[in-house]
1. Given the conditions (1) assigned to a strand (DSSP E or B); (2) at pLDDT below 95, report the number of the one that residue 23 does not fulfil.
2. So which residues in segment 144-163 are surrounded by fewer than 16 Cβ atoms within 10 Å (Cβ to Cβ) and under 14 Å from residue 102 (Cβ atoms)?
3. For segment 71-100, give me the residue count where each residue is under 19 Å from residue 59 (Cα atoms) and surrounded by 15 or more Cβ atoms within 10 Å (Cβ to Cβ).
4. Out of all the residues in segment 29-43, is one or more assigned to a helix (DSSP H, G or I), out of contact with any strand residue (DSSP E or B) (no Cβ under 6 Å at 6 or more places or on another chain) and either surrounded by 22 or more Cβ atoms within 10 Å (Cβ to Cβ) or at positive phi (or both)?
5. Need a quick list: helices (runs of 4 or more DSSP H) entirely within segment 96-202 having at least 2 residues that are modelled with pLDDT of 85 or more.
6. For the condition under 23 Å from residue 44 (Cβ atoms) and free of Cβ contacts under 8 Å to residues at least 24 places away in the same chain, what is the one hit in 149, 153?
7. I need a count of the residues in segment 44-85 that are free of Cβ contacts under 8 Å to residues at least 40 places away in the same chain and part of a strand (DSSP E or B).
């Protein structure tokens, strides 16, 4: 099972997602812990867990020392549970800092009809855009938006997922790590919390 890390929670095979929204769109470009790691290790491109193995995306310098620095930053700013996991390096096409910047730039929800979620896919090292209907018009709108903002088209992963039920305007969203969402999401896994509970139950 592939688990994509999202801040202090984990999402199964999805981009990291943020708050439920009164607009019916989930935005998740802001991952403070991940951005801090990216500032310390510019090569960092994202992180996921696969079969108990901590897999880190590195762009450019994928040396053992860079991988070790990346793990150390993840332990310091995301979770200590990553400290003892086996480590594997994946060749990233894009640094996380670039993905986060491009994700930030795609903020005009009216420019993409049927936009459901926008976030960073740690599984694919891409910015993921999910729309409710993957029609030709939606694809063309994404192409136009990406081109207008000078974002590499290959850095975008376009998917389809059902529209999100909107929250009442006066309803306070749950903390982002408790909110389920994401293209193809089978269910939200509170990864770090689960790991810690397992340790306490031993």
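The values are calculated or read from the model by the stated rules, or taken from the named source; none is laboratory data. In this text, all values refer to a predicted model and were calculated from it rather than measured experimentally. Using ideal geometry, Cβ is built from the backbone for each residue, glycine included, and neighbour counts are taken over all protein chains shown.
1. (1)
2. Scanning segment 144-163 gives 147, 148, 149, 150, 152, 153, 154.
3. Filtering segment 71-100 for residues under 19 Å from residue 59 (Cα atoms) gives 71-74, 87-100.
Filter once more, so that each one left must be surrounded by 15 or more Cβ atoms within 10 Å (Cβ to Cβ): 71-74, 87, 89-90, 92-100.
Adding up the residues that qualify gives 16.
4. Our first condition is that a residue be assigned to a helix (DSSP H, G or I); within segment 29-43, this holds for 32-40.
Within this subset, residues satisfying the condition of being out of contact with any strand residue (DSSP E or B) (no Cβ under 6 Å at 6 or more places or on another chain) are 32-36, 39-40.
The next check asks that each one be either surrounded by 22 or more Cβ atoms within 10 Å (Cβ to Cβ) or at positive phi (or both); those that pass are 34.
Checked segment 29-43: at least one residue is assigned to a helix (DSSP H, G or I), out of contact with any strand residue (DSSP E or B) (no Cβ under 6 Å at 6 or more places or on another chain) and either surrounded by 22 or more Cβ atoms within 10 Å (Cβ to Cβ) or at positive phi (or both).
5. On the way: elements: 96-105, 136-148, 191-201.
So the answer is 96-105, 136-148.
6. Numbers: 149 fails: free of Cβ contacts under 8 Å to residues at least 24 places away in the same chain.
It is 153.
7. Qualifying residue count for the region: 5.
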